[in-house]
């Protein structure tokens, strides 16, 4: 899936508002929460900045200061907002439990961790590395997802459940990728430099799988749950095991990340 056009982005934002209004009607007990987090805001950028800052605030960094940091990043780089909206669509299309576009924004910590990382990466690129490290640590504490600020993410990324995922400094993720809980994209030793995996478009990585070292998982490959991958994975193949071996010549579908089929 490509990033959304402006009309599509506007339509998705209005859809999220309508869903939230309906949620208020369905559950009046949460009306104050839903107004505070979505309905009182005039743009998706403000909602996302408010939501992240509310969750990641601490006695050291209050919510207002965080809100200004996040909103400035979102206003300075439209690609962050476009990628966040594409991520919402990814959750809606791939997660069987996600039956509304507003759910990832409101409740899914995997989505929140990805968006916090996108802003941390922007800060890293701006040379504000001390702040990026600080906010990475805070996001790891709150969401249970540890992503180095230098790691590069495409769009249409889904981290399902969002617990125990680790992504190292020189990792690169393409577009339309699905990661399950417990996935590690890590190094293979103490070497410095470019030492983390490069994940192609359309890849699905199953729960508790580890992909280690400066290796490539090529487009539309599938990695089975619990596997340990230490060598390149060809496109459109399925690998499984410790160490992972190719068990199926073809991954069984055009884009495993979209199908979310955990069977081998």
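The values are calculated or read from the model by the stated rules, or taken from the named source; none is laboratory data. Please read all numbers here as calculations on a predicted model, not as lab measurements. So basically every Cβ, Gly included, is an ideal-geometry build from the backbone, and we count neighbours across all protein chains shown.
Some points to look at:
- Which numbered condition residue 201 misses (of (1) closer than 25 Å to residue 129 by Cβ; (2) part of a loop (DSSP other than H, G, I, E, B)): (1)
- When restricted to residues that are part of a loop (DSSP other than H, G, I, E, B), without any contact (Cβ under 8 Å) to a residue 60 or more places away in the chain and crowded, with 20+ Cβ neighbours inside 10 Å, the range 152-162 contains 1.
- Within the range 74-95, tally of residues that are closer than 19 Å to residue 37 by Cβ and touching a residue at least 60 places away in the same chain (Cβ under 8 Å): 5
- Test: residue in the range 129-141 that is touching a helix residue (DSSP H, G or I) at 6+ places or on another chain (Cβ under 7 Å) and outside the structural domain of residue 83 (by TED's automatic domain parsing): no
- Restricting the range 163-180 to residues that are farther than 16 Å from residue 217 by Cα and surrounded by fewer than 21 Cβ atoms within 10 Å (Cβ to Cβ), the residue that is farthest from the chain's Cα centre (by Cα): 169
- Single residue of 233, 183, 228 found to be assigned by TED's automatic domain parsing to the domain that holds residue 158, surrounded by fewer than 20 Cβ atoms within 10 Å (Cβ to Cβ) and modelled with pLDDT of 95 or more: 228
- Hits in the range 21-37 (condition: over 18 Å from residue 63 (Cα atoms) and in contact (Cβ under 8 Å) with a residue 12 or more places away in the chain): 21, 23, 24
- Some residue of the range 55-73 being assigned to a helix (DSSP H, G or I), under 22 Å from residue 155 (Cβ atoms) and without any contact (Cβ under 8 Å) to a residue 24 or more places away in the chain: yes
- Screening residue 196 against (1) modelled with pLDDT of 95 or more; (2) within 21 Å of residue 112 (Cα to Cα); (3) outside any strand (DSSP E or B) leaves a single unmet condition, (2).
- Of all residues in the range 96-143, those that are without any contact (Cβ under 8 Å) to a residue 12 or more places away in the chain and touching a strand residue (DSSP E or B) at 6+ places or on another chain (Cβ under 7 Å) total 1.
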